[in-house]
Structures are given as structure tokens and as C-alpha cells.
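Please treat every number below as a calculation from the coordinates, not as lab data. Only a predicted model underlies this, so the values are computations on that prediction, with no experimental measurement involved. Cβ: placed from backbone, ideal geometry, glycine included. Neighbour counts: every protein chain shown.
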Amino acid sequence: MTRDAPPGFVFGMYQVAARNLIVWRSYLLPSVLGNFGEPLLYLLALGFGLGAIVPEIGGMSYAEFIAPGLIVSTVMYTSTFEATFGTYTRLASQKTFEALLATPITVPEIVAGEVLFCGVKSAFGAASVLTVITLFGLTPSWLALGVIPLGFVAGLMFSSMALVMTAVAKSYEFFNYYFTLLVAPMFLFSGIFFPLDRAPRWASRFAEILPLTHVVRLSRALVRGSPSPALLFDLTVMLAVLAVAYIAAFSLLRSRMKI
Amino acid sequence: MSGAAVEAAVEATALGKRYGELEAVAGIDFRIERGEYFGFLGPNGAGKTSTLRMVQAVSAPSAGRLRVLGLDPVRDGKRVRARLGVCAQDDTLDPDLRVLDNLRVYGRYFPQDARVTAERAEQLIQFLALGEKRMKKIQELSGGMKRRLMVARALINDPELLVLDEPTTGLDPQARHLIWQKLRELRARGVTLLLTTHYMDEAERLCDRLMIMDRGKILAEGAPRALIETHVGREVVELESEAVVEQRIVEGLELARVPSEKRADVRTWFFRERDARVELLVERAREHGARCLVRNATLEDVFLKLTGRELEE
């Protein structure tokens, strides 16, 4: 037998991600437009519009203050949309995974491949927004390039969290809960638009339990070029959330896909 | 197929599958030889698809022993699936990809060279007469074309065993015949074929051997013609008449020992061979103005006799 060697886990994970990348390639234009367009609008309306009447925050103009957060909010939305609506479509409506499971591909490889794809897409999103804010002169440090790998890891985390919802979803409407109860609050209360140290105590406490808060801190430190040891805490939180969410998503998806 | 050492394509011993309280497959034995075209027949819920899933190495047996291409599908699932082609009952084509890309991307999931996949994709597009559609979207294909593409996709890894779950359900006659023709052409390549079907004509045309299942058990197994001759004979006579008229028609014909059944107003006799009584029945029916039909026995007669109920479509 010439085909005796079974393909390994990494091969399978890569092929699952590659299938999504191939499909994504055909939607590249609208995808890029979303990646560049939305943060650009926020930057213009809030950064420069609202920013005209907002005083400096810690020596930063308002546009400078919100720019790093816009990078990671794009990451959050990119990976969350993909791992909810995108993955659910492949899992339930299109039966893509059912077809995959008739090949040597396994459930662990599908889950890992989906998350990997979200990470790549997120890193691409981070790079797009980084380009936009750099064109506006809002990127003082070369360390800002670090938001690309940060976007990748944050993308893994947000997609793992979203996959937990996807694994238990019965319809697309179900995702409204997740977007309204978690994603939107994260966008507004994670220190993208106002400094948490000057916010009321309840707000800053609440922000600490939102995973995005820690990613925003890491992003701001990279873009400003001001890393500090305190960021190790934020990094640890991000990795811990990633690990817990991934394990939860994996076990739920495995029981859902089991025949 | 010479010598005892030849490994079976599929070998099941006391194979069982249980979903909670439901015993879907109740300890069945069967053996499919290499190169054989083998069919699973049975009404819905007979255990066909459950058995198929175990053979496909996507669901684990609850009991018994199963070998597929000489391997244990539980321990060597990946290896088994790498050598299998599967055409599911539902459309599982990738609507995000065009016709040709459906084949090329699917090929990526198997341990084979991209160049080999690309060549094979082109050949399969030709083989299944999808040449004009190669750059079309899936949504633009008719039901028959989709099914042909499903078959093409199942062949992308040059499988040793091709598994088809109701390959022509819901297709029009032209589309069904085209699929049958292609499946016959595959014989020359030495592929082993395992299919489930509701259609008796499909089973009769395609299968060397088949087994009829019901409620998780095997009711009969053999070549289509042999099954027909063993279980119903060659000649079937159907008489449509009221009971009183029927009595007058059959009087003195000595039909007591000919197996028969009555459903609604139709009496059906199963004759081993055509004999004088058949001619007499036809003649008397004409005299009494009753409808009488003489026909060859079919697999459907076997099926209905064994399962005792109509096929559910």
C-alpha cells in the first residue's frame, strides 16, 4: 500500500484552514473594504471629530488614544463574526464539516483549523488597521508591528470564545445574545474610548473581567512603544482565556459532531 | 478473487450499533469481496445508514467485529477513510466553491499530491460529463449534476471502496440512468462498491449481491436473481377481483400449494415456473371480466414478502 501513512494533525488542521482561506480569497475585496473602512470611519468621526473637543489623555491626542484600540476591536469583530456566523454555516447549514468527516480529517483538526483561520484573518485585520492609523501619523513606535502577532493570538482567543456559542447554537438568531451581552459591552467598556483609570470604580472593575480590556492595553503599549512588566498580567489573562475557551469549545463541538 | 488468502473489502461479524435504547443494528454478519458491487436494501430505519457509517469509520460499532480493507475502522479511522470514497445521501457539496474547486479542495484532505489531485479532478469532470459546468457555481447545477459531482468528489482519492448512500434518490430517470452507467463503467477499474437504496430496480441493475435488512437484522442475502428464485419463483400472477368472483376463477385449479398473498382486492400468486395453471387463470379471469396480470418476479416481490410492508419513499 502506497498510502499507508495517515496524515497527521498539523496537516489536517492546515487543510481545514486552507479551505477557508481559499474561499476568503474570493471575497477579498469586500473583506478588505470592511477591514480598512470601518476603523477609518471611527477614526474620522470620533478621533478627529469628537477628538477636537476632547482634551489630551496622558499626553495623547484623542485620535492617538483610540487608534490602538481600534486595531484590536477590528480583531475582535473579525474573529467573532467568522467563528459564529461563518463556522455555524459550515457546521449546520452547509454541512461542510459532515463532508470533511468522511475524509481522513478529524474533529480536533476541524476545530483547530477553524481557530487557526480566524487567527490569520485577525492578524490580517490588525495589519490593515495598523496601515490606516500609520497613514494618519498615529503610530509613533516600530513596536507597533507587534500588533500583528498580537492580533493573531487575540483572534485565536476571540474565535475560541465565539465557538463555544456556535457549538450550542440552534439558529443564527442565537448569536444576538452573544453580540449584545458580551461583544458590544466589550467594544464600549474595554478602555478603547475612555481611560479606565479615570472612569468610575464600577466601570474600571467591570472592564477588568472583559478579555478585550487586556488586549487593548497590550495594543496601546505596542503602538505607543511603552512596554512595561505589568503587561505580563494582561498577556497571561489573554492566554488563559484562550486556553479555557478553546477547551470548552472543543469538547462542545466534539459532542455536537459525534454521530 | 482466487485463493482463501484474499482479504475481504468489508467483513462484519456480529456487528451491532446501539443509540441509547434503540438497537439500530442487531448483530449482523456479512462479507463484501474486493471488486464486488454490494447493496444494502431495506425500509427507512432498517439500519442501512448506521451500518454504512460504521464501515465509513465515522461511527464506532457498539458490538461485534468489523474490518474494512483489512483494517480496524476504530483504531485506523484515518487510514480507512483515506482509502474510501463516500457519497452521502444529502448534498454536502461546498457552495462557497465552484464545481472544479469542489474537487480540488476536497482532494487536499487526502494524503495525495496537489498535482495528482488537479489531474484527477479534470479527468473526473470529463468522466461525469460536467465539462461545461467546471467553472459554474454549485447553486447553478441541477439535482442530477450535483449528484454526479458528489460521485466525482467521492472518487478524487482513487478509492478502493466506494460507498454510496441512496445515490439516485430524488433524481429523474435520465439522471438516474447516467449515474448507473458511470457506476458500471467503474467496475473495470476494480473498485468495490457498497450502496444503499430504496429502489429495487437500482439494486437489481447494479449489485452482484445484496442483503435485505429490516429492524437492524439481515433478512436475506444473495445475488438478485437467486434471491428472486429462492423467495418468490419466476412467474407472478396478479388477479384483481372480489372474493366471490375469485373463488369461481380459481375453482379446481389446485392453487392451494402455490404461495400467494392478498392485499386489498388483489390476489398475487408466486409460481416457481410458468405452467398450465397460469394460462387457465388468465383465461378464466377474462371470462369473468376480472383484471389479470402475468409478469416476471422482481426483487420488489422478494422485498415485500420479506419485510411485509411497503417501501417508504
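For a quick check: with amide H placed at 1.01 Å from N, whose amide H comes under 5 Å from B:ALA9's, ignoring anything fewer than 5 positions away on the same chain?
Residues meeting the criterion, in which the H sits 1.01 Å from N, are B:ILE32, B:GLU33, B:ARG34.
Tabulate in residue order the Karplus-calculated ³J(HN,Hα) for the range A:168-184, using 6.51 cos²θ - 1.76 cosθ + 1.60 with θ = phi - 60°, rounded to whole Hz; enter x for Gly and Pro.
Running phi through 6.51 cos²θ - 1.76 cosθ + 1.60 with θ = phi - 60° gives 9, 5, 10, 7, 5, 4, 4, 5, 4, 4, 4, 5, 6, 8, 10, 5, 5 Hz.
If you restrict to DSSP beta bridges whose two residues both lie in the protein assembly as shown, what percentage is antiparallel, to the nearest 5? Before the final figure, lay out each step's value.
Numbers: 37 of 55 bridges.
The answer is about 65 percent antiparallel.
Tell me the mean residue ellipticity at 222 nm calculated for chain B from its helices only (DSSP H runs of n ≥ 4, each -39500 (n - 2.57), averaged over every residue, nearest 500). Intermediate values should be presented prior to the final figure.
Working: 11 runs with 108 residues, N = 313.
Counting only the DSSP helices, I get -10000 deg cm²/dmol.
Given R₀ = 25 Å, what would the calculated FRET efficiency be for A:THR180 paired with A:ALA203, taking r from the Cβ atoms and rounding to 0.05?
Values: r = 19 Å, r/R0 = 0.74.
Result of the calculation: an efficiency of 0.85.
Relative to the longest principal axis of chain B, what angle (0 to 90°, nearest 10) does the C-alpha long axis of helix B:114-127 take?
Approximately 30 degrees, to the nearest ten.
I need the semi-axes of the equivalent ellipsoid of the range B:62-160: take the C-alpha gyration tensor, multiply each eigenvalue by 5, square-root it, list largest first in whole angstrom. Don't skip to the answer; put the middle values down first.
On the way: eigenvalues 147, 46, 23 Å².
That gives 27, 15, 11 Å for the three semi-axes.
For chain A, with equal point scatterers placed on the C-alpha atoms only and solvent neglected, what are the log10 I(q)/I(0) values from the Debye formula at q = 0.08, 0.13, 0.14 1/Å, to two decimals?
-0.33, -0.82, -0.94
Given a Förster distance of 25 angstrom, what is the FRET efficiency for A:SER251 paired with B:GLN89, based on the Cβ-Cβ distance and rounded to 0.05? The partial results should precede the final answer.
Values: r = 28 Å, r/R0 = 1.13.
Efficiency computed from Cβ-Cβ geometry: 0.30.
Please tell me the relative contact order of chain B in percent, rounded to the nearest whole number, where contacts are Cα pairs under 8 Å and at least six residues apart.
Numbers: 566 pairs, mean separation 61.8, N = 313.
Rounded, it is 20 percent for chain B.
Using a Debye calculation, one point per C-alpha and no hydration shell, please list log10 I(q)/I(0) for the range A:164-259 at q = 0.11, 0.19, 0.20 Å⁻¹ in order.
Cα-only, vacuum Debye calculation for the range A:164-259: -0.43, -0.99, -1.05.
Okay, helix-only estimate at 222 nm for chain A: each DSSP H run of n ≥ 4 adds -39500 (n - 2.57), divide by all residues, round to 500 deg cm²/dmol; what do you get? Mind dumping the intermediate values first?
Values: 11 runs with 168 residues, N = 259.
Estimated from H runs of four or more residues: -21500 deg cm²/dmol.
Which percent of the Cα-Cα distances in the protein assembly as shown go past 47 Å? All intermediate terms of the calculation are to be shown ahead of the outcome.
Details: 54551 of 163306 pairs.
The answer is 33 percent, as a whole percent.
Using only the Cα atoms of the range B:134-244, each taken as one equal point scatterer with no solvent, compute I(q) by the Debye sum, divide by I(0), and report log10 of the ratio at q = 0.10, 0.16, 0.21, 0.24 Å⁻¹.
Scattering profile of the range B:134-244, log10 relative to I(0): -0.41, -0.86, -1.23, -1.41.
Over chain B, what lengths in whole Å, largest first, do the semi-axes of the equivalent ellipsoid take, defined as the square roots of 5 times the eigenvalues of the alpha-carbon gyration tensor? Each step should come with its number before you reach the end.
On the way: eigenvalues 358, 110, 56 Å².
Sorted largest first and rounded, they come to 42, 23, 17 Å.
Where does each of A:PHE85, A:PHE117, A:PHE250 land when they are ranked from fewest to most other beta-carbon atoms within 10 angstrom?
Ascending number of Cβ neighbours within 10 Å: A:PHE85, A:PHE250, A:PHE117.
Across the residues of B:199-211, average count of Cβ atoms on other protein chains within 10 Å?
Details: counts 0, 0, 0, 0, 0, 0, 0, 0, 0, 0, 0, 0, 0.
Mean partner shielding for this stretch: 0.
What ³J(HN,Hα) values, in whole Hz, does the Karplus curve 6.51 cos²θ - 1.76 cosθ + 1.60 give for the range B:145-162 when θ = phi - 60°, with x put for Gly and Pro?
5, 4, 5, 5, 5, 4, 5, 4, 5, 5, 9, 4, 9, 6, x, 7, 10, 9
Give me a single rounded figure for A:103-109: the average over its residues of other chain Cβ atoms within 10 Å of their Cβ.
On the way: counts 14, 13, 5, 3, 0, 0, 2.
Other-chain Cβ atoms within 10 Å of each residue's Cβ, averaged: 5.
Would you mind giving the mean number of other chain beta-carbons within 10 Å of the Cβ of each residue in B:67-79, as a whole number?
Details: counts 0, 0, 1, 1, 2, 0, 0, 0, 0, 2, 4, 10, 7.
The mean count of partner-chain Cβ atoms within 10 Å per residue comes to 2.
What is the Cα coordinate range of the range B:233-296 on the first, second and third principal axes, sorted by size from largest, in whole angstrom?
Over the range B:233-296, Cα extents along the principal axes are 26, 23, 20 Å.
Could you tell me the relative contact order of the range B:1-114? Use alpha-carbon pairs under 8 Å, at least six residues apart, and round to a whole percent. Present the calculation step by step, with values, prior to reporting the outcome.
Details: 143 pairs, mean separation 27.7, N = 114.
Computed value for the range B:1-114: 24 percent relative contact order.
Along Cα→Cβ, 7 Å out, is where each label goes; now give me the distance between the ones at B:MET135 and A:TRP142 in nm to one decimal.
Calculated label separation equals 4.6 nm.
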